[in-house]
Structure formats: structure tokens, C-alpha cells
Amino acid sequence: RAVVVGEQSAGATLPSTIKMLPTGAILQYVFANFETAHGTRLEGRGVTPDINVRLDRRALLKGHDPQLDAALAEARLLTRARASAMDITSVVTSVVDPPPPVPRPTVARPATGAGPVAAPVVIQGVEAIASQKTDSLASVEKPKDEKTPDAGPTVERIVEKFEGAIGKRDAIEKLSTRVSKGNVEGSFGGNQIAGTVEIIEKAPNKGVTLITIPSLGVVRRGFTGAYGYEQIPLFGFREVKGIELDLLKLSLDFYWTIKLRSLYPSMTLKGKETVGGSEAYVIKATPDTGFPTTFYFDVQTGLLMRKDSVYYEDYREVDGMMIPFQIRGPNTLIKLTEVKHNVPVDDSQFLEQQDCFTK
């Protein structure tokens, strides 16, 4: 599906894991191998390029990359070839295909019932980062107050029920910090892991999740109020930017449970689905910046059961607010053991750990 330009790669494909030794040293070892359906091992084979171009050290020192130049030249060639093919196709199509039939005029008749109804047009976009067209998609969504075709509940009523179920607004507005602790289990790097988790939040939108895994260390992901980041032992520090940062800040809004309608200006009721054996209203919500989010609200309780692929379970009341003590994702399960509000939280707790990757 692509033209590969460059040199034969090394074929370093073996997945590995690490173990902390009693001496304090770290042992990294291979635990698996990749093979094709026919039993061919990938390790050591590498990728053979379609266009072989060697790197020239002297050229690189002068700021010239021969592999990049060859790749760009091939891309321009393919682009011109595709454009020529499209031109030929359009000409052939216009000659071969007959013109579309002219619609026959209709004669108005006296109404005997409900009358003709125009068929609705449904526009669905691909929710991929490459498209980045969520703003245009949001413009074709139905207004959030519009009723569904079967005159069922409106988005407004569903959101109001959720806000009422999650807790009284005045009680939630009195909260300014939240520290949650518990246990986490899941998979990482092909291995099953288990550890502890601490989630620290502070109004208006600061937050950090600390996952401590024995023999690996502490995995951090958060927003300091100025920038977002992710920090994984052995992988280093990565600043979160663009759409990913927008989504992170949105998820860390401390009062998001009572601000849904302002955080997601475009909301559409998509119908009902069964979640965990219970009926749920499905709402597609689009923020001003970023991609749509799908919420699943329990028909009976009004509580949020699911958000995209994350499930919220085991709700308990803490300081006048309903908190899910079990959060289940595709590869992770978090079970909280305690949640405390309005505890002192210093802003330094949201910063990344200083190490060889950040200095």
C-alpha cells in the first residue's frame, strides 16, 4: 500500500519486558517472537525498500538528506500519475454514462392524510484524526432540544436528569479538590500488570493520574494548567499537544458534570442501547474543539454508565456527589478504595518527575 524508500532495516521486532533485580539493576529480556501465518519469523529479516537509497554522512552534515529527496520525488511522481488517471476517468465517465433523467413534474393533489414528508438526510463523518472536520459535522447535527422521531425524551431532559442524579449543584460547587486512590490492573507491553493508582484533581482543570507498577515505576499523565504531558519509565517525557491536549483539558474540567451543555454545544440523541444489562440513552456530544464524544446515560437512574469505550460502575455518594468507584476501559480496570474532597493540594503535585529525560 506504500512505496518504501531507504535502506534495508535491521528487523528488530522482539517484544521485551523489564524486571528489577535485588541489586537495583534492571534486566530487560525478550518474552515473545513475531511470526507470520506461515511460521516465518520477522526478527532479523527487516524491510526491503522498493527504492534503495543509501544515506551519505557528508550530505547529512551539509543539511542534505538523499533519502528524503528521493521519497519526495517519488511522492510527486505518484501524485501526478494519480491526477492524470483521474482526468482520464472523468472524461471516459462523461462519455459512457448517460445523462441523469430529468425528474417528472408532480401534480399537487388535495391532502387526504398527513401529506408528503421529505426524507431526512443523515450525514456521518469519519471520526479520525486525519479528517479533522468535526466542526463541519457539528453544523449538521440536530439542535439539542429537538425531539427524537418517536417523541421520546430530549437531550435537555436527559442531561438535566444526569445533573440531578450526580448531586446537587450547590454541593458540587463547594468542592475544589479531589484525591482518589485505589488499585489498577490491566496490560502493558504485552504483559499483565497490577499496581496502585492515585488521581489528583484541582479546580478549574488541573489534574494528574499516577499509576505505580512494581518493577516499572510511576506512569504519569496530567495537565499542569499550562501544559499537558505523559511520562512513562524507560520511554521518557512526552508533551501532549493539539487535539489530544484539548481532549485532556476537557476531561479534567473539575465541574464537567454540571457543565455538559456548555462544554458540548452540539448534542444529539442517537437512541437507546443496552449497557451492562440496563437500557441507556445514547448522546453524541461535540465540543467547540476536538472530536465527538458518545455518552451513555442510564434510563432509570440518569447516571453516566459509559463514555466512549470507558465504563463507570459502582457509584457511591461522597460529600454530596455520586462518584464511580470502578472505571473500566478496554485494557484497564481501576477500583477506587477512597475518595476525599477539599484536601490541600500543592500545584507542584501536577508537575512531571525530573529525570534524565526532562533535564
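The values are calculated or read from the model by the stated rules, or taken from the named source; none is laboratory data. All of these numbers come straight from a predicted model, not from anything done at the bench. FYI the Cβ positions are ideal-geometry reconstructions off the backbone, even for glycines, and counts take in every protein chain you see. Please note that ligands, DNA and RNA were not included when accessible areas were found on the heavy atoms of the full protein model with its side chains. Shrake-Rupley method; radii C 1.70, N 1.55, O 1.52, S 1.80 Å.
Add +1 for every Lys or Arg and -1 for every Asp or Glu among the other residues with Cβ under 13 Å from the Cβ of Leu245, and state the total.
So the surrounding residues net to 0.
How much accessible area per residue does the range 204-348 have, counting only protein heavy atoms and a probe of 1.4 Å, in square angstrom?
Accessible area per residue, the range 204-348: 46 Å².
With respect to the cross-link table entries Lys202/Lys284; Lys259/Lys284; Lys202/Lys270, which display a Cα-Cα separation exceeding 22 Å?
Over 22 Å apart, Cα to Cα: Lys202/Lys284; Lys202/Lys270.
Return the whole-Å distance between the Cα centroid of the range 11-68 and the Cα centroid of the range 207-270.
The range 11-68 and the range 207-270 have Cα centres spaced 31 Å from each other.
Of the peptides 305-316, 44-55, 288-299, how do they stack up when ordered by the mean number of other Cβ atoms within 10 Å, highest first?
288-299, 305-316, 44-55
Please list the radius of gyration and Dmax for the range 6-57, considering alpha-carbon atoms only, with Å as the unit.
When restricted to the Cα atoms of the range 6-57, Rg and Dmax are 16.3, 49 Å.
Ignoring ligands and nucleic acids, what accessible area does Glu198 show with a 1.4 Å probe (Å², nearest 10)?
50 Å²
Going highest first, how would you order 15-25, 164-174 by mean Cβ packing within 10 Å?
Most protected by this proxy first, the peptides run 164-174, 15-25.
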